[in-house]
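Structure, as structure tokens:
The values are calculated or read from the model by the stated rules, or taken from the named source; none is laboratory data. From a predicted model like this one, the values you see are computed outputs, not experimental measurements. For accessibility, only protein heavy atoms count, side chains too; no ligands or nucleic acids. Shrake-Rupley method; radii C 1.70, N 1.55, O 1.52, S 1.80 Å.
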Amino acid sequence: MARLKGKRFDGYLRYGIPHELDSEVDAMIQAYTENSASGRQRAIDDLNARSASVLSVYGQRMASTAVRSRSIEPLVRGLIAVGMAEERLGDPRENLYPLVAINDGATLIGTSIRTLISKVSDLLPPRALEKLREFDQRQEQDKSLEAMGLRRFGSGQNFLYS
């Protein structure tokens with residue numbers, strides 16, 4: 001997780017999709033999911049506010065990727081990243097943007113954030129799961145793109161949450 005702390009990720013949200021940094025975070029998420037529970041906790045413990053912010057941004061980028069590819073897998077990886085970041089963010093509200101995008105992306109491709117949460121429930125700490133479930137329990141208008149000032153741009157391979 002130390003690589004996420006580097007300056008290479010400065011401005012990550014604005015980088016084109018896909019980007020080589022997405023693959024780097026993908027590999028970290030894959031290693032995290034393949035690790036034991038104690039190894040996953042060590043990975044989370046290694047995060048600081050900066051690296052947690054990178055994971056949060058990755059979650060939003062994966063929502064765009066999922067809509068582009070019409071695939072649930074980027075949403076799952078994005079939600080894992082958001083869950084990992086939850087307790088290490090400087091401001092926990094940072095995760096609201098990717099969660100709104102993930103929620104909207106899930107709807108667009110025919111699933112729900114509730115289904116995604118159940119898919120990742122064995123991979124995240126209880127407190128992170130609690131926060132994800134709290135988000136899911138919000139009223140629809142409180143977890144909409146409009147509520148967070150996000151919008152959909154483009155279509156197909158140019159689709160983007162911004």
Checklist outcome for this item: GNM of the chain, Cα pairs under 10 angstrom: of 32, 97, 15, the biggest fluctuation goes to 15
Checklist entry - Using a Gaussian network for the chain with springs between C-alpha atoms less than 10 Å apart, which of these wobbles most: 90, 59, 11? => result 11
Item to check | lysines with Cα under 21 Å of residue 143, excluding same-chain neighbours fewer than 8 positions away | outcome: 119, 131
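With a ≥ b ≥ c the root eigenvalues of the C-alpha gyration tensor of the range 88-131, is it rounded (a/c under 1.5), prolate (a/b larger than b/c) or oblate?
Values: a/c = 3.36, a/b = 1.26, b/c = 2.67.
Cα axes put the range 88-131 in the oblate bin.
Measure off, as a whole percent, the carbon and sulfur share of the 1.4 Å-probe accessible area of the range 101-162, all protein chains present. Please list the in-between numbers first.
Details: 1550 of 3510 Å².
Taking all protein chains in place, the range 101-162 shows 44 percent carbon and sulfur surface.
Using a probe radius of 1.4 Å on heavy atoms only, what accessible surface per residue do you get for the range 6-107? Whole Å² is fine. Don't skip to the answer; put the middle values down first.
Values: 4180 Å² over 102 residues.
Here the residues of the range 6-107 average 41 Å² of exposed surface.
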Next on the checklist: Here are a few candidate values for volume of the Cα convex hull per residue in Å³: [x] 98; [y] 132; [z] 115. Which one was actually calculated from the structure I just gave you?
Outcome noted: [x]
Next on the checklist: Checking understanding here: applying a Kyte-Doolittle mean of at least -0.5 and a length along the axis of at least 20 Å (C-alpha), which whole DSSP H helices in the chain pass?
Outcome noted: 20-34, 49-69
